[in-house]
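The values are calculated or read from the model by the stated rules, or taken from the named source; none is laboratory data. Because the structure is predicted, anything quoted here is derived from the model rather than measured. Please note: Cβ atoms are built from the backbone with ideal geometry, for glycine as well, and neighbour counts cover all protein chains shown.
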Amino acid sequence: MKAAASSVHTRISRNVRRIEIATRRLSTDAFHGGVQSRFRGRGMDFDELREYEPGDDVRAIDWNASARTGRTFVKKYREERQLTVIFVVDMSASGALGAGDATKREQSVEIAGVLALAAQRSDHRVGLVMFTDFVEKLVPPARGRGHVGRVVHDLVAFEPKGRGTNLGLALKTLRERLHRRAVIVVLSDFLMGANDTTETRTELTLLARRHDVVCIRTGDRHDRELPSVGLLTLEDVETGEVVELDTGSARQRAALKEAVRETENRIRAMIRAARADLLEVDTLIPYLGPLIGFFKARGVRT
């Protein structure tokens, strides 16, 4: 028992260390700009009143102060620097696939950990939602090295109880609890049933109306193709449904390829329609370069 506990502790410590090392390569300025730029003009704190000057926006005039003094005053604002960043991480059984060194779930966990530490270095508040077919863990957003360190530990140490996917429920739970504008980073393969797809589309759209939503979709070769090995019995890791495929059949392989293409197009269309941003990563490709490029590009766009 002690040996098993020591092995788990070693694994967790090693994964946390990997995340810390990767974070050093992610420019904090690039990450901060990539989340801050979307809130310019919206995440603003009142600073002071000053007299109107030619060229000032007339919408900034404080009519009450102007009426009291007989002079025209405008409200001056400063941009809010501290944001709330919440990670919504899919821990369902479909994340256990991995053709590379890491599974989809492990890649999602590492990316969330890297971004959480980058957010902490920018003094942002960090929160966490981990879900399967129900919300398994919810960590309210807070600031500070100790808090974010616990979030990273929770990510790498977590063992899910459920197997299915209910992203729509996770997003709804977050939306109902979130009372201030936030950056929401959703990490998932977005593989789900028809019912959850409908709810996810609705909740993603509602969240993106008020918040800055980033979807990071993890992919794997096993999601897209099957080896040609003749008859193959497959079990859905989330539902337990068993199907038999003749992988040697060109017709069945073509049908599978088309089904995968339709699924990917549907996922991209759903995210695009919600006006959320999308980054797609793959277990066979190092994620850090695309991640850095993605947030640098967001920092350039306004």
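A few notes on this one:
- Elements of type helices (runs of 4 or more DSSP H) contained in segment 205-302, each with 1 or more residues being under 18 Å from the mean Cα position of the chain (by Cα), aromatic (Phe, Trp, Tyr) and at pLDDT below 95: 288-300
Here's the yes/no breakdown for (1) under 17 Å from the mean Cα position of the chain (by Cα); (2) under 23 Å from Val281 (Cα atoms); (3) touching a residue at least 60 places away in the same chain (Cβ under 8 Å):
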{"position": "Arg143", "(1), (2), (3)": "no, no, yes"}
{"position": "Arg180", "(1), (2), (3)": "no, no, yes"}
{"position": "Val186", "(1), (2), (3)": "yes, yes, yes"}
{"position": "Thr198", "(1), (2), (3)": "no, no, no"}
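- Screening Val186 with (1) modelled with pLDDT of 95 or more; (2) part of a helix (DSSP H, G or I); (3) crowded, with 16+ Cβ neighbours inside 10 Å gives one miss only, at (2).
- In this structure, Leu171 does not satisfy being in a strand (DSSP E or B), modelled with pLDDT of 95 or more, within 17 Å of Ala274 (Cβ to Cβ) and not polar (S, T, N, Q).
- Flag if Val114 is in contact with a strand residue (DSSP E or B) (Cβ under 9 Å, 6 or more places away or on another chain), under 27 Å from Thr283 (Cβ atoms) and not small (Gly, Ala, Ser): no
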